[in-house]
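The values are calculated or read from the model by the stated rules, or taken from the named source; none is laboratory data. Quick caveat: nothing in here was measured; it's all calculated off a predicted structure. Ideal geometry is used to build each Cβ from the backbone, glycine not excepted, and the neighbour counts take in all protein chains shown.
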């Protein structure tokens, strides 16, 4: 019984951390001008803690890191993909192309551009990176990755993979018309036959957009 209670507490803590990260990163995505290099966000309430009334100052001063975070939120990219991103190569008008050399497993893939917000992010990447990538000319990929990790840590953002979860859940809701189980929507067992078929088709599509070969992996992002 004690072990079950401890496991439940750990699960709640993970969910709380994820909620805080996604909330803060959504604020970063919304703040597109980059003038201050800092954003202010009020964290969501956490049970059994004294409510906080002040704002957190999330310091992300590096413009390339800020843009990498926005790309991750807008397109569900992995960290390495967002740092090595070259807008001149990737932007194909109605989709972005991810080079195998940027991606896990060395597999090329495409991600559709379906919203004005995604186009706005890409336009800003073009202005920032020009003909290059989001790695400054005076840095290597490893050096810029260290900057990325340090800036995220300073901002209190502990799990950037949560941006892929956010992207997957938004895409699921757009493509199906209802929320994913992980976002509070119905489980697969609660869906009727036609919705189950739609669920499977959408999961296959999102799996490809995220760069996964197995549809089962989407349960990590969307729930089941």
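Take the residues of region 89-109 that are assigned to a strand (DSSP E or B) and touching a residue at least 24 places away in the same chain (Cβ under 8 Å): which is farthest from residue 207 (Cα to Cα)?
So the residue we want is 91.
Can you say whether residue 177 is surrounded by fewer than 16 Cβ atoms within 10 Å (Cβ to Cβ) and within 23 Å of residue 91 (Cα to Cα), as far as the supplied structure shows?
no
Within region 181-195, can one find any residue that is surrounded by fewer than 21 Cβ atoms within 10 Å (Cβ to Cβ), closer than 17 Å to residue 81 by Cβ and either assigned by the TED database to the domain that holds residue 97 or within 17 Å of the chain's Cα centre (by Cα) (or both)? No, there is no match, as no residue in region 181-195 is surrounded by fewer than 21 Cβ atoms within 10 Å (Cβ to Cβ), closer than 17 Å to residue 81 by Cβ and either assigned by the TED database to the domain that holds residue 97 or within 17 Å of the chain's Cα centre (by Cα) (or both).
Scanning region 121-132 for residues that are surrounded by 18 or more Cβ atoms within 10 Å (Cβ to Cβ) and either within 19 Å of the chain's Cα centre (by Cα) or outside the structural domain of residue 99 (by the TED database) (or both) yields a total of 4. If the condition is being outside any loop (DSSP other than H, G, I, E, B) and buried (at least 21 other Cβ atoms within 10 Å of the Cβ), then region 145-163 contributes 148, 151, 152, 162, 163.
The set of residues in region 196-224 that are over 24 Å from residue 113 (Cα atoms) and loosely packed, with under 15 Cβ neighbours inside 10 Å comprises 196, 197, 216, 224.
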